[in-house]
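Quick notes on the structure that follows.
The values are calculated or read from the model by the stated rules, or taken from the named source; none is laboratory data. Everything numeric in this text was worked out from a predicted model, so none of it was measured. Cβ atoms come from the backbone with ideal geometry, glycine included; neighbour counts cover every protein chain shown. These accessible areas exclude ligands, DNA and RNA; they are computed on the full protein's heavy atoms, side chains included. Shrake-Rupley method; radii C 1.70, N 1.55, O 1.52, S 1.80 Å.
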Amino acid sequence: MSKEKQEPVISLEDTVQTYKNSIHVDSITTQNIIDAFNNSELMPNFISFEDYDKDKYACTTSGKPLVIGGKARMCFEYETKDKKLKTKEKDIIVVAQTGDLLSPESLIFSREMYKEAEVQGLDLLLLTNTEGGDVMEHSALMGQSWQVSENIMTLLNLETNIVSLVVRKGGSGGGLCNQIANYQPDEKRPGTNLILENAAYYVICPQHCKSILWPKDDNKNIDDAVKLLLPTPNHLVKHKIIDTIVPEYPGGSHKEKKINYAQTLENINNTLKEVFWDFETNKKDLEKIVKTRLARARNGYVSLTKATKLNLIGKKFVPGMHSLKKVKADKTLRDHERKISGGVAYEQGYSRISEIMRKEGADNKTPLMNCGDHSPKQKSGTIVEIDKEALDFVQRKFESGKINFKQYIKEKADVLLNNHVVKNCTAAFSKDVFDANYGSCPVCGEGVIPTAMDWIWRFVDAGKDFQELNSDLDVNSFQKTKYHTEDYLKEIEIAQEKTGNKSALVTGIGPVVGNNVMFCALDFYFMGGSFGGLVEPRKFRDAAIYAKDKKMPLVFISSSGGARMQEGTLALKGMESTSASVQYLRDNKIPYLVVLTNPTFGGTPASLGAQGKVTLAEKGLRYGFTGPRVIQMALKEAAQKSKIQMDLGEKMKQLEFMMCADVLKHVEVAPNKPIIDFVGKRNKLKSELAKYVSMYYGG
């Protein structure tokens, strides 16, 4: 009887050391590789590199490029059938991130280079090296989240061969949107998703992960975050995120800096030679390459333990706001879970209102409440006024041809940043008015956060049933991974008990103005509405398939903190997976409609929240490429690095202004294509959504 093949044990200590090697100041960089393209002694299969762009759109203010794009020429020596040696030259397009946080301009430039490869019919090499996307003011006002999402979609659909190599660090959405390559199901052919032996690829950088999950726990450190994220090559290969590990100099490339990284560059050269020569000798139909790439992304990276059938379970309409179950749990886990899921803010919001009414002896119709009375900090919402004349002036410059679109969105960002007034909301209203606007201020939109089912009931025709799809699909439906630790599984159990849902995503069918609609709603009370790399992407995929089969629109309702840290790089790839499912809807001409609700942050607006045919938003929306806590950390790091005195409190106020819907509705990502198409009070969203549903059904 043959013995089962034993997989090698990956030491967590080795994982931590590999991560430390990846951030070593002397480790090889993408610039070193680009320079070696012009040095045949270091990379003999490369002849030259021509830099395509050195303008300001790919550079920081200091002039250092964030992205290098250009054309490299390769040379191959091969033996013919009659044993003669011949050489063949081949051009490829190269897009290389240089290590810093990426600006929207650099993402736009990267996308232009991707398309250049397709237009010229050249293979594409992606060199990934970034901490992620920039989170500062101009980036937010130039549609940073959408730029990341659009680059993901572009790579998924690019009709050319793509090879990616993570060089030092592939961080967050900025790394993902320069890492999507071909999928090679034939294991005899060389892999196309590559990583250096001492690189890391993660959903969030370990220091930010530690600060979010264990902000006051002195017993936890960055090493613990690395052990949770498992961002190093051996783990990534095990989870089939990466195909091939490219060896470095023994102990890490930082040990061979004095000899120009000769061994590491030779290994990179040999690996790329093998992959690109394979493309030459095994040419495939480009349409098939794209279909294979999309299918791979859509189906995910971890298999189900058994085949599942799409099942529908009817749920009766229940009017009013739904309460959450109180959960008994270990105190440490309970406190931690409260931090990441919005905690008990939902119940407390209404209990505070009831307490105010009780003290004042008021009834539901008395305009007693003030904006913000529902919140723990009694913080009112904000009202933003933008200088319309200044916006119109920039608009006229663009329409007259005086500036191009890149300049237009940059100048518009300047106007939004420098020509606005922010006021605290002073509205007073009754509980009836608060309820009529679905638990929010009728003026600024500030309000309690509804559950996923509450949002769905608000859109489904009154008194009609909702049929939930795949309600039993959960983490236990999949093969276990190293990410599924005992603590993480306990956190999931707590969220399941509290919300009554098996996962953060609720999917199912309900009628809107008499027409069936597939709903997908993220529940903020299930671990902050975060999506992992297994359950939520699979449920979204299944919902897309069902919507296509039944020819009904799919409506995504977002209330989310983004990709879930506890599932590491698998959760990051969940952005790719859900994006591929959105493309599936497009390919089958099924409308994809997005409703953005407060809060929507992180990987959600940079993937499935960014690509709606129509995007609606509630007035109280807070939306951004990353959440306030990560922004605060980034600000502190930037201040320390630049040694510039910075009023962090004032800076945060400024950045919070960028996150509100009344500002974002002015942000365009293409001519006449704003990030948000409609901003309205909660009680106005249904009629707006119904309009687009009726249009699809011919009403």
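Remarks
- If you go through the stretch 527-585 and keep only what is of a type in the set (Val, Ile, Thr), part of a helix (DSSP H, G or I) and more than 27 Å from Tyr19 (Cα to Cα), you end up with Val535, Ile545, Thr578, Val582.
- A single entry from Ala670, Ala661 fulfils the requirement of being under 27 Å from Ile409 (Cα atoms), at pLDDT 70 or above, open to solvent by less than 60 Å² (accessible area, probe 1.4 Å) and in contact with an Asp or Glu (Cβ under 8 Å, 6 or more places away or on another chain): Ala661.
- Residue, surrounded by the fewest Cβ atoms within 10 Å (Cβ to Cβ), within the stretch 570-589, restricted to residues that are touching a Gly at 6+ places or on another chain (Cβ under 6 Å), within 19 Å of Ser303 (Cβ to Cβ) and not charged (D, E, K, R): Ser577
- Within this structure, Thr128 fails the test of being without any contact (Cβ under 8 Å) to a residue 40 or more places away in the chain and farther than 26 Å from Lys412 by Cβ.
- Members of the stretch 79-97 found to be among the basic types (Lys, Arg) and open to solvent by 30 Å² or more (accessible area, probe 1.4 Å), listed by number: Lys81, Lys83, Lys84, Lys86, Lys88
- A single entry from Arg622, Arg629 fulfils the requirement of being closer than 26 Å to Gly171 by Cα, in contact with a Cys (Cβ under 7 Å, 6 or more places away or on another chain) and open to solvent by 10 Å² or more (accessible area, probe 1.4 Å): Arg622.
- Subset tally (residues that are in contact (Cβ under 8 Å) with a residue 24 or more places away in the chain and more than 25 Å from the chain's Cα centre (by Cα)) for the stretch 115-125: 4
- Residue match in the stretch 360-375 (condition: open to solvent by less than 30 Å² (accessible area, probe 1.4 Å), modelled with pLDDT of 90 or more, under 32 Å from the mean Cα position of the chain (by Cα) and under 21 Å from Leu621 (Cβ atoms)): no
- Selection of the stretch 287-308 for residues being under 20 Å from Pro190 (Cα atoms) and open to solvent by less than 70 Å² (accessible area, probe 1.4 Å) yields Ile289, Val290, Thr292, Arg293, Leu294, Ala295, Arg296, Ala297, Tyr301.
- Of all residues in the stretch 173-216, those satisfying the criterion of being at pLDDT 90 or above and β-branched (Val, Ile, Thr) are Ile180, Thr192, Ile195, Val203, Ile204.
Okay, residues lined up against (1) closer than 30 Å to Leu570 by Cβ; (2) in contact with a Phe, Trp or Tyr (Cβ under 7 Å, 6 or more places away or on another chain); (3) open to solvent by 50 Å² or more (accessible area, probe 1.4 Å):
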| site | (1), (2), (3) |
| --- | --- |
| Glu446 | no, no, no |
| Arg458 | no, yes, yes |
| Leu469 | yes, yes, no |
| Lys490 | yes, no, yes |
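Matching residues to (1) in contact with a Gly (Cβ under 7 Å, 6 or more places away or on another chain); (2) under 15 Å from Gly173 (Cβ atoms):
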position	(1), (2)
Asp91	no, no
Val95	yes, no
Ser103	no, yes
Leu107	no, yes
Glu116	no, no
Leu124	no, no
Thr130	yes, yes
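- Sole exception among (1) modelled with pLDDT of 95 or more; (2) surrounded by fewer than 24 Cβ atoms within 10 Å (Cβ to Cβ); (3) polar (S, T, N, Q) for Asn501, by number: (1)
- The requirement of being touching a residue at least 40 places away in the same chain (Cβ under 8 Å), touching an Asp or Glu at 6+ places or on another chain (Cβ under 6 Å) and either in a helix (DSSP H, G or I) or farther than 25 Å from Gln179 by Cα (or both) is fulfilled somewhere in the stretch 511-520, by at least one residue.
Every residue, every condition in (1) crowded, with 16+ Cβ neighbours inside 10 Å; (2) within 20 Å of Gly532 (Cα to Cα), yes or no:
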residue	(1), (2)
Asp217	no, no
Lys238	no, yes
Glu248	yes, no
Ile259	no, no
Asn267	yes, no
Val275	yes, no
Lys283	no, no
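- Leading residue by the ranking (farthest from the chain's Cα centre (by Cα)) among those in the stretch 77-90 that are more than 30 Å from Val148 (Cα to Cα) and in a strand (DSSP E or B): Leu85
- Residue within the stretch 115-132 that is farther than 19 Å from Ile676 by Cα, part of a helix (DSSP H, G or I) and aliphatic (A, V, I, L, M) present: yes
- Scanning the stretch 81-129 for residues that are in contact with a Ser or Thr (Cβ under 8 Å, 6 or more places away or on another chain) and either under 15 Å from Glu159 (Cβ atoms) or of a type in the set (Phe, Trp, Tyr) (or both) returns Arg111, Tyr114, Lys115, Ala117, Glu118, Gly121, Leu122, Asp123, Leu124.
- So Gly191, is it over 22 Å from Gly251 (Cβ atoms), in contact (Cβ under 8 Å) with a residue 40 or more places away in the chain and either within 20 Å of the chain's Cα centre (by Cα) or crowded, with 24+ Cβ neighbours inside 10 Å (or both): no
- Subset of the stretch 387-428 (residues that are part of a loop (DSSP other than H, G, I, E, B) and of a type outside the set (S, T, N, Q)): Asp387, Gly401, Lys402, Ile403, Cys425, Ala427
- Scan of the stretch 91-114 for residues that are within 19 Å of the chain's Cα centre (by Cα) and part of a strand (DSSP E or B), ordered by number: Gln97, Leu102
- Exactly one residue out of Lys388, Lys402 is loosely packed, with under 15 Cβ neighbours inside 10 Å and closer than 29 Å to Leu685 by Cβ, and it is Lys388.
- Scan of the stretch 453-490 for residues that are in a helix (DSSP H, G or I) and under 19 Å from Pro537 (Cβ atoms), ordered by number: Val475, Asn476, Ser477, Tyr488, Leu489
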